[in-house]
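So the structure is just underneath, and the comments pick up after that.
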Protein chains: 2
Amino acid sequence: MPASEGEKIAELAKRRGFFFGAAGAYGGVGGFYTYGPQGASLKRNVEDAWRERFAVQEGNLEIDGPTVMPEPVFEASGHLDGFDDMLVECPGCGESHRADHLIEDSTGIEEAESMPIEEVEALIAEHDLACPNCGTPLKGEAVEEFNLMFETTIGPGSSTPGYLRPETAQGIFVEFPRLKEYARNRLPFGVTQIGRAYRNEISPRKSLVRTREFTQAELEQFVDPERDEPELAAVADIEVRLYPATEQTADDGEIVETTIGAAVEDGVIANAWIGYYLGIAYEWYESVGVDMDRFRFRQHLSGERAHYAADCWDAEAEVDGDWIEIAGFAYRGDYDLSKHAEHADDDFTVFRQYDEPKTVETAVVDPDMSVLGPEFGGAAAGVADALQRLAEREPAAFEGEEVTVEVGDSEYSVPTAVANFRIEEQTESGEHVTPHVVEPSFGVDRTVYTLVAHGMREDEVDGETRTYLDLSPTVAPTDVGVFPLVSNVDYLIEHAETVAADLRGAGFSVAYDDSGSIGRRYRRQDEVGTPFCVTVDRDGLEGDGPDSVTVRERDSAAQVRVPVDDLVSVLLDLRGGVRTFDDVLDEYDAVSTSAEA
Amino acid sequence: MPASEGEKIAELAKRRGFFFGAAGAYGGVGGFYTYGPQGASLKRNVEDAWRERFAVQEGNLEIDGPTVMPEPVFEASGHLDGFDDMLVECPGCGESHRADHLIEDSTGIEEAESMPIEEVEALIAEHDLACPNCGTPLKGEAVEEFNLMFETTIGPGSSTPGYLRPETAQGIFVEFPRLKEYARNRLPFGVTQIGRAYRNEISPRKSLVRTREFTQAELEQFVDPERDEPELAAVADIEVRLYPATEQTADDGEIVETTIGAAVEDGVIANAWIGYYLGIAYEWYESVGVDMDRFRFRQHLSGERAHYAADCWDAEAEVDGDWIEIAGFAYRGDYDLSKHAEHADDDFTVFRQYDEPKTVETAVVDPDMSVLGPEFGGAAAGVADALQRLAEREPAAFEGEEVTVEVGDSEYSVPTAVANFRIEEQTESGEHVTPHVVEPSFGVDRTVYTLVAHGMREDEVDGETRTYLDLSPTVAPTDVGVFPLVSNVDYLIEHAETVAADLRGAGFSVAYDDSGSIGRRYRRQDEVGTPFCVTVDRDGLEGDGPDSVTVRERDSAAQVRVPVDDLVSVLLDLRGGVRTFDDVLDEYDAVSTSAEA
């Protein structure tokens, strides 16, 4: 039986140093992964590509905050109360399971996550669900909310609880009062953060897809809901595959192929900012090498969506037969900043300048206390306050000779002249608004997983089966492999080392290798997705050093002889997509691939 | 009174977006910092420069592991038992203090950290130390060991404790069995990791110097202690300032100015690998902009050093009158891998191939049990074992007709022929060795702090006091500022935006700014350490676009007019140190700096 795609990924990832379960020497612990040398490089390249597109090119600010945050932050954000999964513990073996997953896996019911606990318990009973580990029936077992935040204690004693952040976003929201100053108090502006986040999953699974520690790349775009519009024209023509909520619930629902512009215009995408970022994201995923035939944007169903979110979409990639969420795009309104403004002691608004200063009329009283005091004694101050409230509520009450107010159970009448009622005009240059938040949130690990899954290829070279990884030159862990053709000729080794050093100096990430047959060295680079290999052979020598070298493309295994003087510019063009390998083959001499034997 | 250097750093860092105490809107919590846009960029550039030097150029492997690790890892590493600070709690206000710091701060005694608890309690009593917070005497209060690891729980229930790693190093050690495969089982090889680490400090202090969450850049160099030598010649001539243990304890001890080569030869640096990395580190710190007049390497005193460490040095930088540790270099022997080999179920050795296969002679017996059995009954097996032990210990005993062994209290004699004694020859191609570890460990945050501190400058420009940050172009958050000279002329703005986009395309990090006076925009970039600013003015226009622009150097505030066509190459050369600004001034026309007004 052939291994599943998931098993093949796990095997390759471990053997070639992409990623593997952490602390395996100690039996491991679920949901924690270590990136080996190839994976660490691939992941960093994905992060750098994201930063370039979503921070640098968009002109956004990037910050880097702590992963441990104090409790009040999560009281405000709602994570302390609501960031739960449903847990059921097996009375037989003691293993904990996610109750909603048990139902979804066994019954075909979807969205069990958004059901009330009682319904979940009822479904477990109704379908006679049993522990997947030991088979003990779970009917009648209590389903409980389990908070997914890792808790710890800051400092000595237990008085200061802290939590590992469940998302990088809160680190941006809590610093908004300061960040708006760096943005010079002008909307719109965006703030990004790339970093670790943590969810204490009940049952981690599917390799990098559901882990307990992961890396997010998040962008919080702060906008003035009345004034700011995205540059939709820049993405309007991008063709995307959408799976709207209406299609998901329809009997004959299907993927909609459309453009961002049309989808926003037709209201399929409810918010222009979301549309803008779906467009940017689509192009970005394509640029880093996601197979766009195995990619879609899926809209959240109303039950999935947080109550404050106006519109939510996920980017999904198909891996091993499942659609996995690799990014989320939410229009969160003013929920986040309002919540922090309620709980914290700082200003989470931005001052919105009016186009023209506005004149505002305010009713005020300035009662003559030298009259009220003797008249009303201890009640005088209360009467003055009541007059001010009345003035604001009902200015017309001051039109007669006398004005009457109630304080407690008593009525007090005051001559209007003593109240000193007047209308004051104030000029206001603007007002304080709480910005709305548009949040594109990317899972870095899941992107890495998708790239490895979508890149795995098998073909035949020189009559032998070859496995290679079709990674985009933008993110491949290594740009170029450099080898001497044979590993036992000192001057070839020396020349190859010089070529490697020169390429490193030109900014390429280089893998130098002089061990084993040339064919084996090519295969090793093929398997880790190195797009090009350069080989120094005798044919290319001239005088004291190499005059030309061969350049081999990973996917076609085709080779071309390139003059050493052109090597850097050829590789730069190939990496940057300025020239294709066919262009290079046209320009220089092809080499017979029998050299791989 | 002028603000201290520390206060000036804090003020600039917060105002300009380098770093500030996290979650300030919630009152903050000690020891956690957020990097703003400038700081996040500076920190990332420091990390990238470290990676380039210590991972890429050294040919080491970089990994990226989880920050949460299970308990058995820290049982093995010793952190669970020994990673403690001494805590004394004030009976008056309840505040916790580090007992050793109280003593050091109040008495001038050094190294209180390495004293036994009883001695620390005695010193508190003897010196009548009081709570720095409320003044309550601490005499008689118990001093306790407080473990500095943040603890949490993995998964539901409390059965799986986890800890936030106190150093990135353990993430490398535990994966050694796998990492050695990626290194193809050949020593020496090095593995690096850059990432968060955590120490639950009793009293965090000094800004980024003693925080509870921080970033480390660590290299674990695995070596064969008998065979591997560093390339000391590459660093032998580097001149360094050393503060050896002997000088620290001498009455007239002083800094020794010497070379790495001489220090290793004279035994001042006890280990050649440590010498090698001190040399590399010295050059690296210089390259990123540490003021080497405020830098030294200090050797650990014997009391500071872990028992297994053969030699330890710290890199120290002077900030605000204090020497702060910014890196540590330790020769750790086989301690780490041996400990994990004891506790974990995996192979932490490397197979060392002999130069020539060795023939090993082993004495074996193969007693004829059909004789021993009837003869000795139940004692027969014991007799056979005793014969084997005797053969290994004393082969000559088998030279006579009969051989005698003791089992328990009885003697047994066996005809030598029955014992079947012989010498076997075995060919062994190598042996398993536990690699030794050389560990250069860098504090990234402390390096950032040092760069800001050492870079702060004040001078006078156009008759006004100017503050600027002298950051190296290698690590400055922004490479170049781009401005239109005035902010109200549309075509200047357009041209400046084009120049900015072109420079971004050429790989520069660019800050575009068209708000406020040109002088103010220069000052803003000066304060965040941007080395160069490019201004588009009317004088440089020609036809449809700019023909030339001015380039201004931060430190001198001098300006030069450069043709637009030369701009990228001039800036590349300036950033790379290929040309100085004086070279550029010689080549092109200087511009009067009155333009800054």
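Placing one identical point scatterer on every Cα of segment B:350-433 and ignoring solvent, what is log10 I(q)/I(0) from the Debye formula at q = 0.15, 0.17, 0.21 Å⁻¹? Here log10 of I(q) over I(0) equals -0.60, -0.69, -0.89. Please give the residues from segment B:139-185 for which the solvent-accessible area of heavy atoms, probe 1.4 Å, is smaller by at least 40 Å² with all protein chains in place than with the chain isolated. Flagged in segment B:139-185: B:PHE150, B:THR152, B:ILE154, B:GLY155, B:PRO156, B:GLU175, B:ARG178, B:TYR182, B:ARG184. Taking the label point 7 Å along Cα→Cβ, B:GLU392 and its counterparts in the other copies are spaced 9.4 nm apart, in ascending order.
Between segment A:384-417 and segment B:527-578, the C-alpha centres lie 69 angstrom from each other.
Once both labels are positioned 7 Å from their Cα atoms along Cα-to-Cβ, the gap between B:SER413 and A:ASP366 label points is 13.2 nm.
Count Lys and Arg as plus one, Asp and Glu as minus one, and take only other residues whose Cβ is under 12 Å from that of B:GLU392; the net charge is then -2. Between the Cα long axis of helix B:518-527 and the first principal axis of chain B there is an angle of about 20°, rounded to the nearest 10. How tilted is helix A:37-50 with respect to the longest principal axis of chain A? Cα atoms for both, answer in degrees (0 to 90, nearest 10). Roughly 50 degrees, rounded to the nearest 10. Distances between copies of A:ASP459, taken at a point 7 Å out from Cα along the Cα→Cβ vector and listed shortest first: 5.9 nm. Derived scalar couplings between HN and Hα for segment B:102-110 equal 4, 5, 4, 5, 9, 10, x, 5, 9 Hz in order, rounded to whole Hz, by the Karplus curve 6.51 cos²θ - 1.76 cosθ + 1.60 (θ = phi - 60°), x for Gly and Pro. Between segment A:33-69 and segment B:53-124, the alpha-carbon centres lie 31 Å apart.
Across segment A:493-503, rounded Karplus estimates of 3J(HN,Hα) from the backbone phi angles (6.51 cos²θ - 1.76 cosθ + 1.60, θ = phi - 60°) give 4, 4, 4, 5, 5, 5, 4, 4, 5, 4, 5 Hz, Gly and Pro being marked x.
Partner shielding of B:54-64 amounts to 4, given as the average count of beta-carbon atoms from other chains within 10 Å of each residue beta-carbon. A Förster radius of 56 Å combined with the Cβ-Cβ distance from A:GLU542 to A:SER159 puts the calculated FRET efficiency at roughly 0.15. Taking Cα atoms only, the orientation of helix B:272-288 departs from the longest principal axis of chain B by about 10 degrees. Counting from the shortest, the label point at A:GLU11, 7 Å from Cα toward Cβ, is 6.5 nm from the same position in each remaining copy. Beyond 28 Å between alpha-carbons counts as too far, so tell me which of A:LYS43/B:LYS8; B:LYS43/B:LYS339; A:LYS43/A:LYS206; A:LYS43/B:LYS180; A:LYS14/A:LYS139 fall in that bin. Among A:LYS43/B:LYS8; B:LYS43/B:LYS339; A:LYS43/A:LYS206; A:LYS43/B:LYS180; A:LYS14/A:LYS139, the Cα-Cα distance tops 28 Å for A:LYS43/B:LYS8; B:LYS43/B:LYS339; A:LYS14/A:LYS139.
Cysteines of chain B lacking any other cysteine Cβ under 4.7 Å from their own Cβ: B:CYS312, B:CYS533. A quarter of the convex hull surface defined by the alpha-carbon atoms of the protein assembly as shown gives 69.2 nm² as the mean projection.
Among the residues of A:84-96, the average count of other protein chain beta-carbon atoms within 10 Å of the residue beta-carbon is 1.
If you sort the three axes of the alpha carbon gyration tensor as a ≥ b ≥ c, you get a/c under 1.5 for segment B:478-596, which makes it rounded. From the Cα gyration tensor of segment B:84-147, with a ≥ b ≥ c the square roots of its eigenvalues, which class applies: rounded if a/c is under 1.5, or else prolate if a/b is larger than b/c, or else oblate? Since a/c reaches 1.5 but b/c is at least a/b, the shape of segment B:84-147 is classed as oblate. Need one word for chain A: rounded, prolate or oblate. Basis is the Cα gyration tensor (sqrt eigenvalues a ≥ b ≥ c); a/c below 1.5 gives rounded, then a/b vs b/c decides. Prolate shape, in that a/c is at least 1.5 and a/b is the bigger ratio. Here the peptides B:238-246, B:537-545, B:160-168 are ranked by packing, the mean other Cβ count within 10 Å, and the order with the highest first is B:160-168, B:238-246, B:537-545.
All other residues whose Cβ lies under 9 angstrom from that of A:PRO415 are scored, Lys and Arg at +1 and Asp and Glu at -1, for a net of -2. The B-A contact accounts for roughly 5400 square angstrom of buried accessible surface, both chains included, probe 1.4 angstrom. Sorted on the mean count of surrounding Cβ atoms within 10 Å across their residues, most packed first, peptides A:491-504, B:271-284 read B:271-284, A:491-504. Partner shielding of B:33-46 amounts to 5, given as the average count of beta-carbon atoms from other chains within 10 Å of each residue beta-carbon. Annotation: amide H-H contacts under 5 Å for A:PHE19 (H modelled 1.01 Å from N, sequence separation of 5 or more, or interchain): A:LYS14, A:GLY36. The stretch between A:GLN248 and A:ILE423 holds 57.2 nm of extra length on full extension. This uses 0.36 nm per residue minus the Cα-Cα distance. Distance between the 7 Å Cα→Cβ label points at A:HIS343 and A:GLU126: 3.6 nm. In this structure the amide hydrogen of B:PHE421, modeled in the peptide plane, comes within under 5 Å of the amide hydrogens of B:ASP366, none closer than 5 places in sequence on its chain. Ligands, DNA and RNA left out, the accessible area of chain A computed with a 1.4 Å probe is 42% carbon and sulfur. Using a Förster distance of 60 angstrom, determine the FRET efficiency expected from the C-beta separation of A:GLU181 and A:TYR491, and round it to 0.05. It comes out at approximately 0.45. All other residues whose Cβ lies under 14 angstrom from that of B:ALA55 are scored, Lys and Arg at +1 and Asp and Glu at -1, for a net of -4. Work out, step by step, the length gained on full extension between B:THR498 and B:ASP293: first 0.36 nm times the residue separation, then minus their alpha carbon distance; give nm to one decimal. Contour length minus the Cα-Cα distance gives 69.6 nm. Between B:ALA233 and A:ILE117, the FRET efficiency estimated from the beta carbon spacing at R0 = 51 angstrom works out to 0.15.
Scanning chain B for the Cβ atom closest to the axis that brings B onto A yields residue and whole-Å distance B:THR152, 2.
Evaluating 6.51 cos²θ - 1.76 cosθ + 1.60 at θ = phi - 60° for every residue in segment A:210-217, the Karplus couplings come out as 10, 10, 8, 10, 8, 10, 10, 10 Hz, glycine and proline recorded as x.
Rounded to the nearest 500, the 222 nm mean residue ellipticity of chain B from helices alone is -9000 deg cm²/dmol, with -39,500 (n - 2.57) taken per DSSP H run of at least 4 residues.
A cut-off of 5 Å between modelled amide H atoms, ignoring neighbours fewer than 5 places along the same chain, links B:ILE326 with B:ALA315, B:GLU316, B:ALA317.
The values are calculated or read from the model by the stated rules, or taken from the named source; none is laboratory data. Note that the structure is predicted; figures quoted are calculated from it, not measured. Ideal geometry is used to build each Cβ from the backbone, glycine not excepted, and the neighbour counts take in all protein chains shown. Note: areas computed on protein heavy atoms with side chains; ligands, DNA, RNA excluded. Shrake-Rupley method; radii C 1.70, N 1.55, O 1.52, S 1.80 Å.
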